[in-house]
Amino acid sequence: MSTASYSERITMEPLVAAIDQGTSSTRFLVFNSKTAELLSHHQVGIKQSFPKEGWVEEDPKEILQSVYECMERTCEKLGQLNIDISNIKAVGVTNQRETTLVWDKETGEPLYNAIVWLDLRTQSTVERLINSTPGKNKNHLKHKTGLPISTYFSAVKLRWLMDNVEEVAEAVMTHRAMFGTVDSWLIWCLTGGKSGGVHVTDVTNASRTMLFNIHTLDWDPELCKYFDVPMEILPQVKSSSEIYGSVNSGSLAGVPISGCLGDQSAALVGQMCFQDGQAKNTYGTGCFLLRNTGIKPVMSDHGLLTTLAFKLGKDSPAYYALEGSVAIAGAVVRWLKDNLGIIQSSAEIEKLAGDVGSSYGCYFVPAFSGLYAPYWEPSARGIICGLTQFTNRSHLAFAALEAVCFQTREILEAMNQDYGVPLSQLQVDGGMTSNRLLMQLQADVLCIPVVKPSMSETTALGAAMAAGAAEGVGVWSLTPGNLTTIPTDTYQPLINPEESEFRYARWKKAVQKAMNWETTEPITNGNGHP
């Protein structure tokens, strides 16, 4: 064996693949199940459309096509490395959560574009629902769902589709409609679509719809009645690690699809946060901090969500998490690039912000689609304040990065209060973690170490682990003693806590100024105030 070349040796190890379908791109990645090493991958961007202000859509067929393209191109790359693709023993799926699709089960065609998680078109629906609850309480369904009534979750998007798109309403009436989040759409299409595709989702994705009872781990008839959603259109809820079906075409035809996790849960698994109390933060389009709270759900008194962390096998217990979501993280960098043109590429922001090393009193609250946790304030809008004649684009770049860190700190503080035990270090992953300045800033703002794995693809890794560990596949062991340890970089806080506190207090002041900006109420009195 020792004389074999690396590529020949690698053919001996079982491989596991993951489809990582995110908000801005799709990737397909292949891992060695014994070492967790990433062997090859391919990535394709996804176009978002903004038909009206606050609306965000994606084309379901483009999403599906991007998955097929990534799978085939990765298989070609493996061939070039002399790696036999017949060693791929399973495929896991991880996805942008809450994004909502309805399709026709007879034709296999989507009936409308996918409505993306951060879309705000359901604002009036949400207000109507909240106003009809006793005490106008947005937490009216929280005891069952762990979630506030918000534009963020799938049920209100589905309600909008049923109320506003004739094709959807008609398909529901004639029992042809299928609802799903991105994972369900992909698994249904990959396993055969209209010719025998399986219509499933897992507990982590289901727990983001507002139709799922997080205690019984199934769709809740009362919740479905509340949103007036027929239960027949919903996918079957499964665990996050079991064989759902097999890929039915292309280079990987016959390979089981055996892992499914919403992207934030997948990152929690990929970061090996299997123990009660461990937490990770993922920096993507948005920012998502999850803390494993064990096999009992912890309800938040501080604006956090209670969600399913994972259920790794049919007979395994479900683990829960507290989650804080920030709508705009990486998206703020994209905004500086596309809308203001102050950087040409996302990578440039680190140098630009590093040139000044401070925001010089400039604060940026990127509440482009309202504020998520811990405020849940859809009326907030973005604000940049503390500007002087001295302020330039470098300060703005620095303030944008700092905003990501401050938003994370707000969530962490809420989490420490709900959970009762302060976090001693934060594990991080996602695209923005390659920005060393951001990671150092994060440690400085939190006053605790920030730990980043050297392999940043933890979301895809989590989906691959769930798929490889499934009963009937069994090529990846998730028992603590057998877990592969991945090397990490640690960022220690470098500024004094007083300085950190001062900057954070100023940021909180800016957040207050961003509140109650937008209102859907008509202006009622003559002086321009509602």
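Listing for the model above:
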{"quantity": "Tabulated pairs, the stretch 177-193, first within 16 Å of residue 68 (Cβ to Cβ), second open to solvent by 10 Å² or more (accessible area, probe 1.4 Å) and part of a helix (DSSP H, G or I), C-beta under 8 angstrom, 6+ apart or interchain", "calculated": "185/64; 186/64; 189/64"}
{"quantity": "Matching residues in the stretch 234-255 - criterion: being among the aliphatic types (A, V, I, L, M), surrounded by fewer than 19 Cβ atoms within 10 Å (Cβ to Cβ) and out of contact with any Ser or Thr (no Cβ under 7 Å at 6 or more places or on another chain)", "calculated": "253"}
{"quantity": "Every residue from the stretch 27-84 that is over 19 Å from the mean Cα position of the chain (by Cα) and of a type in the set (Lys, Arg)", "calculated": "34, 52, 61, 73, 77"}
{"quantity": "Residues being open to solvent by 10 Å² or more (accessible area, probe 1.4 Å) and either farther than 19 Å from residue 430 by Cα or at pLDDT 90 or above (or both) - total across the stretch 338-358", "calculated": "13"}
{"quantity": "Residues of the stretch 191-250 satisfying the condition of being among the hydrophobic types (A, V, I, L, M, F, W, C) and part of a loop (DSSP other than H, G, I, E, B)", "calculated": "198, 210, 211, 214, 217, 227, 229, 234, 247"}
{"quantity": "Tally, over the stretch 115-131, of residues that are outside any loop (DSSP other than H, G, I, E, B) and either of a type in the set (S, T, N, Q) or more than 13 Å from residue 162 (Cα to Cα) (or both)", "calculated": "9"}
{"quantity": "Qualifying residue in the stretch 379-400 (condition: of a type in the set (Lys, Arg), in contact (Cβ under 8 Å) with a residue 24 or more places away in the chain, surrounded by fewer than 22 Cβ atoms within 10 Å (Cβ to Cβ) and outside any helix (DSSP H, G or I))", "calculated": "yes"}
{"quantity": "Checking residue 191 against (1) more than 16 Å from residue 111 (Cβ to Cβ); (2) open to solvent by less than 10 Å² (accessible area, probe 1.4 Å); (3) modelled with pLDDT of 95 or more; (4) not aromatic (Phe, Trp, Tyr), the condition it does not meet", "calculated": "(2)"}
{"quantity": "Failed condition for residue 175, given (1) more than 17 Å from residue 235 (Cα to Cα); (2) surrounded by fewer than 24 Cβ atoms within 10 Å (Cβ to Cβ)", "calculated": "(1)"}
{"quantity": "Residue identified as surrounded by fewer than 15 Cβ atoms within 10 Å (Cβ to Cβ), in contact (Cβ under 8 Å) with a residue 12 or more places away in the chain and either within 23 Å of residue 265 (Cβ to Cβ) or among the aromatic types (Phe, Trp, Tyr) (or both) among 457, 471", "calculated": "471"}
{"quantity": "Residue count, the stretch 198-233 (criterion: surrounded by fewer than 24 Cβ atoms within 10 Å (Cβ to Cβ), among the aliphatic types (A, V, I, L, M) and either farther than 15 Å from residue 143 by Cα or modelled with pLDDT under 95 (or both))", "calculated": "5"}
{"quantity": "Flag for residue 249 being among the polar types (S, T, N, Q) and closer than 23 Å to residue 106 by Cβ", "calculated": "yes"}
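Residue-wise test of (1) assigned to a strand (DSSP E or B); (2) of a type in the set (S, T, N, Q); (3) surrounded by fewer than 24 Cβ atoms within 10 Å (Cβ to Cβ); (4) modelled with pLDDT of 90 or more.
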site: 260; (1), (2), (3), (4): yes, no, no, yes
site: 267; (1), (2), (3), (4): no, no, no, yes
site: 275; (1), (2), (3), (4): no, yes, yes, no
site: 281; (1), (2), (3), (4): yes, yes, no, yes
site: 289; (1), (2), (3), (4): yes, no, no, yes
site: 302; (1), (2), (3), (4): no, no, yes, no
site: 306; (1), (2), (3), (4): yes, yes, yes, yes
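The values are calculated or read from the model by the stated rules, or taken from the named source; none is laboratory data. Everything numeric in this text was worked out from a predicted model, so none of it was measured. Counting neighbours? That spans all protein chains shown, and the Cβs are built from the backbone with ideal geometry, glycine included. SASA here: full protein model, heavy atoms, side chains in, ligands and nucleic acids out. Shrake-Rupley method; radii C 1.70, N 1.55, O 1.52, S 1.80 Å.
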